[in-house]
Amino acid sequence: MGRILLGGRLAVRDLRRRRIEAALLLLAIMAATTTLTLALVLRDAASDPYQSTREATNGPDVVATTIKPTELSGLEKLASAPGVIGHSGPYPVTPAKLQASGRTSDVQAMGRDAAPASVDQPKLIQGSWVSDGGVVVEAAFAGALDMRVGDPVTLDGRSFEVVGVAVTAAMPPYPGGSCLVAAGCIRGAIPADAGVPARLLHNPGLVWLTQADVRRLKPDPGSVSYVMNLTLADPDEAQAFADATPPQSPDAPFLESWEEIRQEATELAKDDQILLLIGAWLLGLLAVASLSVLVGGRIADQTRRVGLLKAVGGTPSLVAAVLLAEYVLVAIVAAAAGLAVGSLTAPLLTGPSAGLIGSAGTPPITMSTAGLVTAVALGVTVVATVVPAVRAARSSTVNALADSARPPRRTGWLIAISARLPVPLLLALRVAARRLRRVVLGVAGIAITVSGIYIALILNTFLTTQPLAAGYDDAQVEELRRVLLVWMVILLCLAAVNAIVITWATVLDNRHSSALTRALGATPDEVSAALAAAQVLPALAGAILGVFPGGFALFAAINAITGGDSDRVTLPSLWQRLAVVLATVLVVAALTAVPARLGGRRPVTETLQAEHA
Amino acid sequence: MSNVGDTSVLRARGLRKVYGKGEGLVRAVDGVDLDIGTGETVAVMGPSGCGKSTLLHLLGGLDRPSGGEVSLNGRRIDDIGEKALARMRRSAVGFVFQAFHLMEELTAVENVELSALLAGRSPRAARRRAEELLERVGLVGRARFLPSALSGGQRQRVAIARALSNEPLVVLADEPTGNLDSAATLDVLRLFEGLHESGQTLVIVTHDARIAATADRLISMRDGAFVDETRLSGGTTGQLGALVGLED
């Protein structure tokens, strides 16, 4: 117990002593935990509008569809099946071509009674319910075609007037939706040479008419399908009910549970989730790189403390535990903060579909979500800190008490190559060679960031040029873009902080050698250029690796995990890739210019005397 | 004040360096005049904190004076930019520090050739010069050793070799034996004796009378100012040289 208290006390005191570094550590881990939380809870947040719509419309637990009028008896039998406590319909549904404001779209026209139904009564958000000659349009479909109450439309050449706009929970909002007609439906963008049968409805919307109007549209009863909405005694059994009623024949009713409808209604949130998981993964990796640099420097500054602990009897494992304790503490706080921020901001990221009512709410944090986020925070921290902590714990007690700085690494071949280069590059290579691990972490950080940019370029181009290929309208594309922007901004900010921290660590680590080099005749500009080049050259390497193989590999992994079709996307062109590499190098040069300049102009005598003292 | 006339390689007039202000004002160097002739060895002695090291830094352009002038080879260096000062240091001044200040990750020969590389010499020429200098200081067999594998005296000899790399006009040594044992001190003494005989201009700040004994002139410093100056006749050929074991 005493050791635990000791470790905790030392951890807290050290964090208090270096607040800025502790804050940087916290931010690095929190970037990953917040994004991961968003990814995990977004779908739950997006479910709220569907739930609100279901309550407002007395949404069905199961929607049964038959495309053969001769199988109507099958539908009617379902109405009295065990567990069913209410129903509405069967309602006729027929395919039609709708023309409005010069635009033509396929629709599924459903015939409804003028009187309200007990199960699935679509809620009007504009106008009035169906009447002869009047059509009510599903809200998301109306928004996509910019239709309003009073607009004239035609259905298969017959004139109608839009009398209302409504939402329903019996079908996912446009451009999603269930296929209720015998002709069949196809969604998304269709290539011109796809050879799709003309009779298939393409991205059909949903409209409601009177039953009489539907029959007038399609006088042939054989071409009409039927829909029945069921309410169960236990709505949670809806999926089991749908699964337990297998089709006796290919023409038997098709059953869809409310959970399946909700799943498709929140499909956008699922894609948001995938984007956020990509972001969380990249941020997690970047956090490991950032933490490794920060922690390495902090532990190096704690050399004397390590010596004291060992001198008074601390074992290497106790010393390592004490060193790790403060970072574990930061990780736990970062996990909690990430969970809080993520769940509070999730509703801001996912707006409701135009086809649903209500807004996304703050989703509850489940034990599994909290556990996973905390595990990731701890994992990132342990990976970044275990090597420096164990190294410090195994160091010589005498050397630690003398607070001897860890000697720089010697890389003979780099030193030999550098002798042949101009002075700034000679010095830059030797600066990099002194701490190769830090250089590798810098390269990794840039590679991770650039691979994220590469993916963002691909996704942004895809959303811009082929939104319907993903089955989205403009508002939904904007939401996906917003999600993409969120994690890109976080990634770029963390990468920028990483670059600045690495530069400062390099400048401080090279105080003595910079002062000595200036005493031997290097100009301040040469030393500053060397310190900057020591960051820019690894950034160039990282940017190239981030494009290839980093970006390629990440894109292939995403396709493999999501089952995406890589043939549908356009990879960044050569000039785009070169532009990303160049921009990365320029940004790193700009970020590191100030620390490098300051590092090249520190007073020589003060620095040499301080090192000697 | 000594007047070495037209052969002055290093000259200071009214040299001052102050730190702080008001009641905290410290005059580290207070109105120093100095002329050092070509080939002359000058030792500066005084108690700790008297301003010896600060004087050396001002003479070598490592620090800026608060007032007065410093001239090296007839050219003022107190009013030139940092870039020009750096170029001056690489070609005209060699420094030897008490703490050696070697790069820990470079071998002895790589430490010595660094000055030449900074001055733009080709790697081959710089390496050749470094090996010659290491032979001169008796360390050619240690050329590939890291500083951590060298004794204190050996490290200081590497530092002296480095200071000579670009054939400087003057070598400025700040307490070169301050961190050395007696045996190592004698090795360094002999090196300075050899440099003096070869005509190298030396300014040595020291607490050590044995080092001072190798000089042509001994300047005593107190509270930032020169208080005494003694011409040592014959340098190490005087009685003091024999006493410190430099005479056979």
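Pick out which of B:Gly141, B:Gly14, B:Gly37 has the largest mean-square fluctuation in a Gaussian network model of chain B, springs linking Cα atoms closer than 10 Å.
Per the Cα network of chain B with a 10 Å cutoff, B:Gly141 tops the list.
Would you calculate, for chain A, the mean residue ellipticity at 222 nm contributed by helices, counting each DSSP H stretch of 4 or more residues as -39,500 (n - 2.57) and dividing by all residues, to the nearest 500? Write down the numbers at each step before the final one.
On the way: 21 runs with 364 residues, N = 613.
Estimated from H runs of four or more residues: -20000 deg cm²/dmol.
May I ask you to list, by number, the DSSP H helices of chain A whose Cα span along the axis is at least 18 Å and whose average Kyte-Doolittle hydropathy reaches 0.0 or more?
Working: long enough: A:2-17 (22 Å, -0.09); A:19-57 (54 Å, 0.56); A:267-301 (50 Å, 1.23); A:316-349 (48 Å, 1.97); A:367-393 (36 Å, 1.67); A:436-465 (43 Å, 1.60); A:474-509 (51 Å, 1.38); A:524-545 (32 Å, 1.25); A:574-599 (37 Å, 1.62).
Membrane-span-like by this criterion, though nothing is claimed about a membrane: A:19-57, A:267-301, A:316-349, A:367-393, A:436-465, A:474-509, A:524-545, A:574-599.
Taking θ = phi - 60°, what integer Hz values does the Karplus form 6.51 cos²θ - 1.76 cosθ + 1.60 yield along the range B:142-148, in sequence order, with x for Gly and Pro?
Calculated HN-Hα couplings, in order: 10, 4, 9, 8, 7, x, 5 Hz.
Calculate, for the protein assembly as shown, the solvent-accessible area per residue in square angstrom, rolling a 1.4 angstrom probe over the heavy atoms of the protein chains. Let's see the in-between values first.
On the way: 36310 Å² over 861 residues.
I get 42 Å² per residue for the protein assembly as shown.
Averaged across the residues of B:115-124, what count of C-beta atoms belonging to other chains lies within 10 Å of each residue's C-beta? All intermediate terms of the calculation are to be shown ahead of the outcome.
Details: counts 5, 3, 10, 10, 4, 3, 0, 2, 7, 2.
Mean partner-chain Cβ count within 10 Å for B:115-124: 5.
Which Cys residues of chain A have no other Cys beta carbon under 4.7 Å away?
A:Cys493
Which residues' amide hydrogens lie under 5 Å from the amide hydrogen of A:Ala182, considering only partners 5 or more residues apart or on another chain, with H built in the peptide plane?
So A:Ala182 has HN proximity to A:Ser225.
From the convex hull of the Cα coordinates of the protein assembly as shown, what is the mean projected area in square nanometres? Let's see the in-between values first.
Values: hull surface 195.7 nm².
Computing the convex hull of the Cα atoms and averaging its projections yields 48.9 nm².
Count the net charge of all other residues whose Cβ sits under 15 Å from the Cβ of A:Gly412, scoring Lys and Arg as +1 and Asp and Glu as -1. Mind showing how you got there, number by number?
Working: positive: A:Arg409, A:Arg410, A:Arg420, A:Arg430, A:Arg434, B:Arg127, B:Arg144; negative: B:Glu104, B:Glu105, B:Glu110, B:Glu113.
With Lys, Arg at +1 and Asp, Glu at -1, the net is +3.
To the nearest 20 debye, what charge dipole does the range A:78-170 have about its Cα centre, counting +1 at the Cβ of each Lys and Arg and -1 at the Cβ of each Asp and Glu? Walk me through the numbers on the way to the answer.
Working: 6 positive and 9 negative charges, 12 e Å.
In total the dipole reaches around 60 debye.
Within 10 Å of each candidate Cβ there may be at most 10 other Cβ atoms; applying that plus a DSSP loop requirement, which trypsin sites (Lys or Arg not before Pro) in the range B:1-84 survive?
On the way: sites: B:Arg11, B:Arg13, B:Arg16, B:Lys17, B:Lys21, B:Arg27, B:Lys52, B:Arg75, B:Arg76, B:Lys83; in loops: B:Lys21.
Filter output for the range B:1-84: B:Lys21.
Length gain on complete extension for the stretch A:Trp575 to A:Ala198, per 0.36 nm per residue less the alpha carbon to alpha carbon distance? Don't skip to the answer; put the middle values down first.
On the way: separation 377, 0.36 × 377 = 135.72 nm, distance 4.06 nm.
Difference between extended and current length: 131.7 nm.
Please list, or write none, the aspartates and glutamates whose alpha carbon is within less than 16 Å of the alpha carbon of B:Lys52, excluding same-chain residues fewer than 8 places away.
Reachable aspartates and glutamates: A:Glu606, B:Asp30, B:Asp33, B:Asp35, B:Asp63, B:Asp174, B:Glu175, B:Asp208, B:Asp223, B:Asp228, B:Glu229.
If you add up the charges near B:Ala86, with Lys and Arg at +1 and Asp and Glu at -1, over every other residue whose beta carbon is less than 11 angstrom from its beta carbon, what do you get?
Spelling it out: positives minus negatives among the neighbours equals +2.
Considering only the other residues whose Cβ falls under 9 Å of the Cβ of B:Leu191, what net charge follows from Lys and Arg at +1 and Asp and Glu at -1?
Details: positive: B:Arg136, B:Arg157, B:Arg190; negative: B:Asp187, B:Glu193.
For residues surrounding B:Leu191, the net value is +1.
What average count of beta carbons from other chains do you get within 10 Å of the Cβ of residues in B:31-40? Walk me through the intermediate numbers first.
Numbers: counts 0, 0, 0, 0, 0, 0, 0, 0, 0, 0.
Counting other chains' Cβ atoms within 10 Å and averaging over B:31-40 gives 0.
For the protein assembly as shown, with only Lys/Arg (+1) and Asp/Glu (-1) charged at the beta-carbon, what is the dipole magnitude about the Cα centre, in debye rounded to 20? Write out the running numbers ahead of the final one.
On the way: 78 positive and 78 negative charges, 655 e Å.
Charge dipole, the protein assembly as shown, about its Cα centre: 3140 debye, nearest 20.
Pick out, from A:Thr303, A:His202, A:Gly86, the residue whose Cα sits farthest towards the positive end of the charge dipole of the protein assembly as shown, with +1 on the Cβ of Lys and Arg and -1 on the Cβ of Asp and Glu.
Checked the options; the winner is A:Thr303.
The values are calculated or read from the model by the stated rules, or taken from the named source; none is laboratory data. For clarity, every value in this text was computed on a predicted model and none was experimentally measured. Cβ coordinates were reconstructed from backbone atoms using ideal geometry, including for glycine residues, and neighbour counts include every protein chain displayed. Surface accessibility is based on the protein's heavy atoms, side chains included, excluding ligands, DNA and RNA. Shrake-Rupley method; radii C 1.70, N 1.55, O 1.52, S 1.80 Å.
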